[in-house]
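First the structure, in the form of structure tokens, and then the observations on it.
The values are calculated or read from the model by the stated rules, or taken from the named source; none is laboratory data. None of these values were measured; they are calculated from a predicted model. No Cβ is skipped: glycine too gets one built from the backbone with ideal geometry, and neighbour counts run over all protein chains shown.
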Amino acid sequence: MDKLTREDIQTWQPGETILLSGKLLTGRDAAHKKIAELFAQGQSLPAGVDFTNRFIYYVGPVDPVGDEAVGPAGPTTSTRMDKFTEMMLSKTGLLGMVGKAERGPEAIQAIQRHRSVYLIAVGGAAYLVSKAIKSAKVLAFPELGMEAIYEFEVQDMPVTVAVDVQGNSVHQTGPQQWRNIKVSL
Amino acid sequence: MNNSAAIIRKADVVASVADALQFMSYYHPVDFIQALGAAYAQEQSPAAKDAIAQILTNSRMCAEGKRPICQDTGIVVAFVEIGLQARFEEGADIEAWINEGVRLAYTHLDNPLRASIVSDPAGKRSNTKDNTPAVIHTRAVPGNQVHVMLAAKGGGSENKAKLAMLNPSDDIVEWIASVVEDMGAGWCPPGVLGIGIGGTAEKAVLMAKQSLMQPIDLAELRQRGASNRIEELRLQIADRVNALGIGAQGLWFDYGIRCQNFGLSHPCSLTACSGNPQLCCDASCTL
């Protein structure tokens, strides 16, 4: 991911599975709110935090123990960050986002407008995902605890393209395709 | 009259609660794993199959590594039944004891869990650092025993809880289907829906939450067939919701549901979740 450009992500297809390696920044509700407040006050991002051509991972991890880089760190529900998506994509140079669950229309439009992507990791596989995280450090907002902005270095973190640069969302096309197939358990 | 009931002590309640919460953080219940295994076998969408495989692999790794199944280790919900003949040591405060157990579990040195609770939710929202306070529901019952049933309920699923006041002629199954459709994937399907029907608004929601604690037996029910209205409803809801095609992680799913009926009016609430079955999203429908 460290050399990824906007041109690279243009060809990513919805449903495509990818292994991510490199550095990710994290953040969820409280961090986004703080960023919005900083921008509203005419200030810039905290020192050391630069989203240019980076991905953000929506996560609030468990603290590490022993030789873990970080404890279980699966994705949180991205829909809650929909209202911050335009801000992040237009003002921070953010390339894409990783989370879980569907994005709403507001976020999908922002993704289309900025030719960005949204990837999903599997919720409920948090320990497995954390095995892909080789190092973790807090970059900003330590007072937020698990909601701080971390930098994770990942290796082969499995994700799926959920919204491509054209705004096609697997959470819409998936159910349409599988609707009404009868399964009895 | 039997006065030989043991005295219930703080140390025992605290240790039991702490041990239970630690246990729950890294073990799925067997019935959930079996249901998920069956879902994997039947799943036809490759993306959803992959998601279920990751969840099952993760579950095994956590059982072996004794680390949490999900980064969201939940809000603790306790259902407490206190026997009116139970005896307690001096100065007993069962809520404080339960919260002490939560504190110990969540700040455990070898397996720390995530502190997800804030105080002053409408104001400063400061993390309480030890995941207290728990949400505690208490009933006074006959007998001399105390039962505590614990759930570590994840936020993703809790955020999906829905309540409705339906009319007697409204279609419960259709309401549930429309709610599940709108719930999206934030509750990590595949999972369990808990439904409460009847009583009053708060009773319906409580019943839905409680219904999540029951064993997963939809497959057995389907095999033996429904023998009462509630079982019929369970099967109808399961079929209707599975036909939505939402799936594992929003891509396809099956789920088990349980439903309790109770009264005459129609509040309905709903909760669900998968990462930790006790974290199930409750859709409580109170009828």
The one condition residue B:244 fails out of (1) touching an Asp or Glu at 6+ places or on another chain (Cβ under 7 Å); (2) in contact (Cβ under 8 Å) with a residue 60 or more places away in the chain; (3) crowded, with 17+ Cβ neighbours inside 10 Å; (4) not in a loop (DSSP other than H, G, I, E, B) is (4)
How many residues does segment A:111-129 hold that are free of Cβ contacts under 8 Å to residues at least 40 places away in the same chain, more than 8 Å from chain B (Cβ to nearest Cβ) and part of a helix (DSSP H, G or I)?
1
Of the residues that make up segment B:158-168, is at least one closer than 25 Å to residue A:28 by Cα and at pLDDT below 85?
yes
For residue A:20, state whether it is in a strand (DSSP E or B) and either closer than 17 Å to residue A:144 by Cα or touching a helix residue (DSSP H, G or I) at 6+ places or on another chain (Cβ under 7 Å) (or both).
no
Please indicate, with yes or no, whether at least one residue in segment A:97-110 is within 14 Å of another protein chain (Cβ to nearest Cβ), part of a helix (DSSP H, G or I), surrounded by 15 or more Cβ atoms within 10 Å (Cβ to Cβ) and of a type outside the set (S, T, N, Q).
yes
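Results for (1) within 14 Å of chain B (Cβ to nearest Cβ); (2) buried (at least 22 other Cβ atoms within 10 Å of the Cβ); (3) farther than 26 Å from residue A:170 by Cα, shown as yes or no for each residue.
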site	(1), (2), (3)
A:30	yes, no, yes
A:36	no, no, yes
A:50	no, no, yes
A:62	yes, yes, yes
Could you tell me which numbered condition residue B:174 fails, if it satisfies all but one of (1) among the acidic types (Asp, Glu); (2) touching a strand residue (DSSP E or B) at 6+ places or on another chain (Cβ under 9 Å); (3) not in a loop (DSSP other than H, G, I, E, B)?
(2)
Selection from segment B:35-67 of residues that are free of Cβ contacts under 8 Å to residues at least 24 places away in the same chain and more than 8 Å from chain A (Cβ to nearest Cβ):
B:37, B:40, B:41, B:46, B:53, B:56, B:60, B:64
Can you find a residue in segment B:61-71 that is in a helix (DSSP H, G or I) and either under 20 Å from the mean Cα position of the chain (by Cα) or buried (at least 22 other Cβ atoms within 10 Å of the Cβ) (or both)?
yes
Subset of segment B:20-37 (residues that are assigned to a helix (DSSP H, G or I), at pLDDT 85 or above and surrounded by 14 or more Cβ atoms within 10 Å (Cβ to Cβ))
B:20, B:21, B:22, B:24, B:25, B:26, B:33
Screening B:216, B:237 for residues that are within 14 Å of another protein chain (Cβ to nearest Cβ), among the β-branched types (Val, Ile, Thr) and touching a Gly at 6+ places or on another chain (Cβ under 8 Å) leaves only B:216
Condition first: assigned to a loop (DSSP other than H, G, I, E, B) and either crowded, with 24+ Cβ neighbours inside 10 Å or small (Gly, Ala, Ser) (or both). Now tell me which residues in segment B:162-171 satisfy that.
B:169
Looking at segment B:183-220 only, could you name the residues that are out of contact with any strand residue (DSSP E or B) (no Cβ under 6 Å at 6 or more places or on another chain), modelled with pLDDT of 85 or more and either of a type in the set (A, V, I, L, M, F, W, C) or in a strand (DSSP E or B) (or both)?
B:206
Those residues of segment A:12-28 which are polar (S, T, N, Q), more than 19 Å from residue A:135 (Cα to Cα) and surrounded by 15 or more Cβ atoms within 10 Å (Cβ to Cβ), in sequence order:
none
Of the residues in segment B:86-119, those that are within 14 Å of chain A (Cβ to nearest Cβ) and exposed (fewer than 14 other Cβ atoms within 10 Å of the Cβ) come to B:109, B:110, B:119
Looking only at segment B:123-157, and only at residues there that are small (Gly, Ala, Ser) and part of a strand (DSSP E or B), the one that is modelled with the highest pLDDT:
B:140
